[in-house]
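What follows is a single structure, written as structure tokens, with notes after it.
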Amino acid sequence: MAVSARTRKSARLQRLEAAINYPIDWLEERSGLVGGLRYFLFRKVPGDSNWFHTLGSATLTAFLVQATTGVILAMYYKPEPKTAYASIQHITNDVTLGWLVRGMHKWGASVFIILLFFHMARVFLFGAYKYPRELNWIVGVLLLVMGMAEGFTGYLLPWDQTSYWATVVGINLNGTVPFLGPYIAQFLRGGAEIGPDTLARFYSIHMLLIPGAIFALIGLHLYLVVRLGVSSPPWSKEAAGADWVEEQVTTNGRSGLTQPAARSSWRRNGGDAE
Ligand code: HEM
């Protein structure tokens, strides 16, 4: 009796599994996306990876929180001088959980920038910007610039005294750039003075242009992380061990290219077809 109950249960379980697997298999057969995701999630990383290696993913999480809360805010925000401030007040005071979403977006912006700097500091201190990851460092620098521009353009949107004068200072600072300064300032203002056109421009840059660029750059950044593998910490015995000795023999004296922490994990991840 008990056995037949178990059998019945496992048959039900099998049917459930088949129902779950069907759409996944359907997608995999037609796109290979599931295999790609599985490879991304379960790929090999150095055994001595540590908590510092989670800072990149933490930065990614902070960005996704910003993107999600930003979409919700954009449903209520009205980007015109007469309505902007009132719409922000409406979000904070009247919209259900509006105060929470706005607070997450506002404070999350600082969290995102802080994590970005922590992640960059980790990469720098671990020497992970060296060969073969220079290109990924450059992509990272572009992400940093985009992240800061996102903060600058977002700051004006509440259209209160603080945001107005902070933007005046920011645009004036940009105006001091040699040769290009006046053009950059004119472009940011959208005219001779800060006004409705500036607000519309900052809104468009803040919610369309820069987030799009950041998404694309993060895609490239992660592609390079997967392709090159994550580097070991500089103190890693694993990275500077036996294969480092072997490496010197196989690199034909080009030891300048073989920074141990970066190079050997590149090899462990199958990057070198020797
Ligand atoms: C939106 C911003 C960013 C996101 C979401 C992001 C995400 C990530 C992730 C998930 C990793 C792999 C895990 C890790 O090492 O933490 C990584 C690695 C890396 N990131 Fe970033 N990153 C960002 C910004 C930056 C910046 C500003 C730089 C430097 C200027 C940078 C340079 C690198 C480099 C060189 C690696 C490879 C590190 C290694 O192999 O050990 N990233 N990033």
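Figures for the structure shown
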| quantity | calculated |
| --- | --- |
| Positive minus negative residues near D160 (Lys, Arg vs Asp, Glu; Cβ under 14 Å) | +3 |
| The stretch 119-196, accessible surface, carbon-and-sulfur percent (1.4 angstrom probe) | 74 percent |
| Probe 1.4 Å, all protein chains present, accessible-area order of F187, F63, largest first | F187, F63 |
| Of all accessible heavy-atom area on the stretch 10-112, the percent that carbon and sulfur account for (1.4 Å) | 67 percent |
| The stretch 108-211: relative contact order as a whole-number percent, Cα under 8 Å and 6+ apart | 23 percent |
| Surface per residue (accessible, 1.4 Å probe) for the stretch 36-147, Å² | 62 Å² |
| Relative counts (whole %) of C-alpha pair distances in the stretch 99-157, using bins that are 10 Å wide | 21, 44, 24, 11, 1 |
| Neighbourhood charge, 15 Å Cβ-Cβ cut-off, centred on G108 and excluding it, Lys, Arg +1 and Asp, Glu -1 | +1 |
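The values are calculated or read from the model by the stated rules, or taken from the named source; none is laboratory data. All of these numbers come straight from a predicted model, not from anything done at the bench. For neighbour counting, all protein chains shown are included, and Cβ atoms are generated from backbone atoms with ideal geometry for every residue, glycine included. Calculation scope for accessible area: heavy atoms of the full protein, side chains included, ligands and nucleic acids excluded. Shrake-Rupley method; radii C 1.70, N 1.55, O 1.52, S 1.80 Å.
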